[in-house]
1. What dipole magnitude, in Debye to the nearest 20, does the range 19-123 give about its Cα centre under +1 on Lys/Arg Cβ and -1 on Asp/Glu Cβ?
2. Please give the net charge around A19, taking every other residue with its beta carbon less than 12 angstrom from that of A19, where Lys and Arg add +1 and Asp and Glu add -1.
3. Where does the charge balance sit around R145 when Lys and Arg score +1, Asp and Glu -1, over other residues with C-beta under 10 Å from its C-beta?
4. In percent, how large is the relative contact order of the range 91-154, given Cα pairs closer than 8 Å and 6 or more residues apart?
5. Could I have the simple spin-label model distance between L208 and R156, label points 7 Å from Cα toward Cβ, reported in nm to one decimal?
6. How charged is the neighbourhood of L60? Take every other residue with its Cβ under 13 Å from the Cβ of L60, and add Lys/Arg as +1 and Asp/Glu as -1.
7. Can you list the GluC sites (Glu not before Pro) in the range 131-220 that are in a DSSP coil and have 12 or fewer other beta carbons within 10 angstrom?
Amino acid sequence: MEPTAASCPDWLATHLHQAGGAVPFSRFMDLALNEPEHGYYGSGRARIGAQGDFVTSPSLGSDFAALLTPQILAWLTSISRSDPDQRLSIVEIGPGEGHLARDLVASLRGADPELLARIELVLVEANPGMRRRQQALLQEADDLRLRWCSLDALRRAPVHGVVIAHELLDALPVERLSWREGSLQQQWVELAPNGRLRTTHRPLPDGLQQRSGVCAAKAAFSCRPPMPKRGGPRSGTVHCPTGSLRRRLPWMPVCCW
Ligand SMILES: C[S@@+](CC[C@H](N)C(=O)[O-])C[C@H]1O[C@@H](n2cnc3c(N)ncnc32)[C@H](O)[C@@H]1O
């Protein structure tokens with residue numbers, strides 16, 4: 001069991017109680033990140049950038065958008081050639097603070113203002129708190145066609161254009177599996193009697209057993225670790241909150257190999 005730095009906050013304890021005392025790690029990660037009032041992204045408390053909790057390429061300056069611009073322009077121009085009347089969309093999934101969207105628009109405006117006039121920016125943001133931050137950042141671009149929508153809405157009304165997503169996958173809740181006592185087990189997070197969070201392990205439910213087998217086969221790796229650590233379980237890793245992120249989320253268990 002990994003130690004935790006602080007007691008579980010009341011809101012999270014309530015969710016755990018409602019779930020019967022424990023949840024799979026993926027649900028815990030979902031709550032920690034996306035719970036609308038208290039989650040890191042859900043509440044909009046996340047701060048991305050040099051003065052924030054962590055940095056991403058777009059948060060460090062406009063170079064990343066400038067690098068992407070020629071490729072995005074080439075794709076959009078090629079779509080536009082096959083149907084000159086078609087509205088073009090740039091869809092960004094998981095825009096964070098909105099830095100990349102803002103800088104891409106500026107860069108496209110410089111490179112091809114006529115094409116930009118035909119483009120709409122579609123932001124897919126699951127968390128209302130982060131959406132508010134993006135709205136604040138992008139409100140200056142008032143000549144831009146801009147909207148937020150869900151992936152379901154896009155499925156119902158598909159668009160033509162380019163989809164980008166940067167540093168999104170590691171924000172999606174994952175399961176943690178460990179090899180213990182000769183079998184793969186699923187990690188759960190539970191509330192200990194002392195009010196702290198602790199991890200436990202349970203046999204994989206059928207669906208997960210199947211999915212992990214299929215994923216492993218597709219990716220051509222074995223779920224069984226080649227060299228189990230002597231005397232101890234092997235498990236995957238998730239991001240460890242550090243620095244100011246750790247101070248904001250002191251109750252988050254540190255997970256490591
Ligand atoms: C690490 S931040 C992305 C940072 C940003 N793309 C950048 O490069 O600076 C992850 C973002 O994805 C959002 N997000 C998390 N789960 C999502 C989902 N299922 N659909 C859409 N956005 C999601 C978060 O709210 C947050 O805005």
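Readers should treat all values here as calculations from the given coordinates under stated rules, not as data from a laboratory. Keep in mind that what you see is a predicted model, and the values were worked out from it rather than measured. Neighbour counts are summed over all protein chains in view; Cβ atoms, including those assigned to glycine, are modelled from backbone coordinates with ideal geometry.
1. Details: 8 positive and 13 negative charges, 9 e Å.
Rounded to the nearest 20 debye, it is 40 debye.
2. On the way: positive: R27; negative: D30, E190.
Result for the neighbourhood of A19: -1.
3. On the way: positive: R87, R118, R147; negative: E120, D143.
Taking every other residue near R145 into account, the sum is +1.
4. Working: 66 pairs, mean separation 27.6, N = 64.
With pairs under 8 Å counted, the relative contact order is 43 percent.
5. So the two model labels end up 3.2 nm from each other.
6. On the way: positive: none; negative: D63, E97, D103, E167.
Once positives and negatives cancel, what remains is -4.
7. Working: sites: E140, E167, E175, E181, E190; in loops: E140, E167, E175, E181.
For GluC sites (Glu not before Pro) across the range 131-220 that sit outside H, G, I, E and B with at most 12 neighbouring Cβ atoms in 10 Å, the list reads E140, E181.
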